[in-house]
1. Shape verdict for the range 249-351, please, from the Cα gyration tensor: rounded (a/c under 1.5), prolate (a/b greater than b/c) or oblate.
2. If neighbour count is taken as other Cβ atoms inside 10 Å, put 49, 82, 155 in order from fewest to most.
3. Multiply the residue gap between residue 392 and residue 181 by 0.36 nm, knock off their C-alpha separation, and tell me the result in nm, one decimal place.
4. Run the simple label-point estimate for residue 206 and residue 426 please: 7 Å along Cα→C-beta, distance reported in nm.
5. For the range 296-424, what does the alpha-carbon gyration tensor say about shape, rounded, prolate or oblate, given a ≥ b ≥ c as the root eigenvalues, a/c under 1.5 as rounded, and a/b over b/c as prolate?
6. What is the fewest-to-most order of 286, 84 by other Cβ atoms lying within 10 Å of their Cβ?
7. With an 8 Å Cα cut-off and a minimum separation of 6 or more residues, compute the relative contact order for the chain in percent.
8. What is the calculated FRET efficiency for residue 323 to residue 33, with r their C-beta to C-beta distance and R₀ = 51 Å, to the nearest 0.05?
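Derivation of every value follows stated rules applied to the coordinates shown; laboratory data play no part. Keep in mind it's a predicted model, so treat the numbers as computed, not measured. FYI the Cβ positions are ideal-geometry reconstructions off the backbone, even for glycines, and counts take in every protein chain you see.
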């Protein structure tokens with residue numbers, strides 16, 4: 001069995017996509033074996049983050065604060081918006097493609113030995129490559145975002161020093177279970193005996209609390225072990241002998257971000273013996289944090305809002321955040337989604353706010369077709385003043401919305417990472433509507 005001659009990152013990614021019969025194959029035995037052969041382990045603190053929504057925001061806030069405190073950080077998140085290299089940030093910068101190419105080759109040589117190959121999914125193979133780059137990068141703290149679930153996700157082969165579980169809601173139900181309790185059990189699989197486990201969901205499933213007790217994790221619960229207070233100007237956090245007060249709100253917009261920020265401070269407080277940080281690093285970290293596609297507002301005429309809300313819980317948060325923006329004559333919604341999502345519930349959350357819909361196809365077989373999205377909208381829409389059309393791709397959907405928009409309107413692009421990534425592929429659009437508001 002010969003190792004393929006692959007030279008570019010795109011070559012390797014295409015190779016990984018062909019290797020395994022299914023896109024998702026939950027279980028850790030195969031990936032554990034290859035990781036052991038590769039010698040993947042970390043001597044620095046590892047923070048693993050699971051949850052339905054808020055994982056990416058939590059990871060980037062942790063990273064921002066730790067960078068301000070002077071630590072060498074490595075952050076693995078998924079999926080990416082535009083470029084695969086976004087999945088790994090080393091000291092705040094996206095990894096270079098050539099570093100990943102070398103790591104993919106290392107995975108392949110460990111995967112295939114004595115003419116026998118261990119089958120890995122695209123996610124498992126690429127996760128091992130990213131962990132390999134991290135292992136070689138002299139990091140002082142590693143932050144790992146769970147791709148799916150937790151218990152059987154490939155990142156769970158790494159022993160975390162602290163686990164964070166963000167909000168838990170219904171998503172990936174075919175794989176993780178039909179209830180919050182079943183999904184919570186999967187997320188709680190990242191907890192470890194004697195190690196801090198921060199639960200920032202205000203109403204966590206009982207299965208999460210039971211698992212923490214079962215394994216003897218050091219549970220940190222919002223409302224019990226740490227608390228958040230705030231008014232219109234500032235907010236504060238208190239928990240287990242540490243207090244931060246008079247802080248400016250995180251630069252990531254949306255009321256939901258305070259839940260994530262609170263979990264971040266609990267984790268950093270739990271790890272303060274190994275990762276000491278100053279109050280100033282916390283303030284600066286929250287002030288400078290940036291994450292594309294999370295209620296990202298791009299000023300223009302019209303305003304553009306980008307959000308990767310793709311399940312009912314995230315859609316509800318997006319609706320609340322849009323509501324808080326104030327009045328816009330017309331809201332145009334560009335929406336594309338994977339077929340396995342609760343599409344009707346997502347549309348239902350946003351339909352009171354969106355006046356003109358632009359349903360889009362996405363460049364993957366897993367996506368729902370624009371015509372199917374339109375049909376689901378038609379089945380539940382009661383509004384007489386609402387219109388909809390279908391578009392070939394996110395870019396043409398954005399252009400259709402722009403052609404119909406007045407400068408005072410807003411355009412919201414949301415749903416899958418591929419929807420938002422589709423309008424960001426050539427950079428952040430600066431919108432300028434062609435016609436003036438009606439007098």
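1. Since a/c reaches 1.5 and a/b is larger than b/c, the shape of the range 249-351 is classed as prolate.
2. 82, 155, 49
3. Here the segment from residue 392 to residue 181 would lengthen by 72.1 nm.
4. Computed distance between label sites residue 206 and residue 426 equals 5.5 nm.
5. Working: a/c = 1.36, a/b = 1.23, b/c = 1.10.
The shape class here is rounded.
6. 84, 286
7. 15
8. Values: r = 50 Å, r/R0 = 0.98.
Result of the calculation: an efficiency of 0.55.
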